[in-house]
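Scroll down for the structure; my scribbles are underneath it.
Every read-out reported here was derived from the displayed coordinates using simple, explicitly stated rules and does not represent laboratory data. Note that the structure is predicted; figures quoted are calculated from it, not measured. With ideal geometry, Cβ positions are generated from the backbone for all residues, glycine too; neighbour counts draw on all protein chains shown.
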Amino acid sequence: MHPKLAIDATKLFVALVGLVALLLAAIGISSRAGDLPPWPSFSGSGTTRGPVTRDSDLAANPQIENPHQTTWDGYEIIGDGSQIRVFFTTGTHRCYGINTAVTQTPTQVKITVFQGRLPDAPMACTRELVVTSTVVDLDQPLGARMVTQ
């Protein structure tokens, strides 16, 4: 191999590595945790209290198509504890909806969130993740019961 070619290939490799590092840094800066809406920590302790409504709240829709269970990221108690808001990501609200199932025992409240396509969704949907939440009603205030999924 010609020595000048070897140097040029090395310079090209270093330049590409630098470009990738720059792109990764830019992505990291734009998606810092501080840029995201505040989510309560999931502690299961039931100490986080939230407002009655949030802009991110999405109503449950039992008509969603091809529902599949999704993991939620956190929760907060609303008011006297008879409602709980769970936080998760889903697709764009123009195309995707959610439904919930709540199972309650004297010691536990199990909240399951399902995602699916809306019946009237357009044929073409973009692949976006939307930070969202939904509110579920309990038969009685949460009290000391543990919240699970």
Region 50-149 - charge dipole about Cα centre, Lys and Arg +1 at Cβ, Asp and Glu -1, debye rounded to 20: 200
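For region 39-148, divide the Cα radius of gyration by the Kirkwood radius and give the resulting Rg/Rh value with two decimals.
Values: Rg = 14.2 Å, Rh = 14.4 Å.
Dividing the radius of gyration by the Kirkwood radius yields 0.99.
Just to confirm a number: summing +1 for Lys and Arg and -1 for Asp and Glu over residues other than V102 whose beta-carbon lies under 13 angstrom from that of V102, what do you get?
Numbers: positive: R85, K110, R145; negative: D137, D139.
That works out to +1.
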Quick one: net charge of P119's neighbours, Cβ under 14 Å, K/R +1, D/E -1? 0
Per-residue HN-Hα couplings for region 110-123 [Karplus 6.51, -1.76, 1.60; θ = phi - 60°; Hz; x = Gly/Pro]: 9, 10, 10, 10, 10, 10, x, 7, 6, x, 9, 5, x, 4
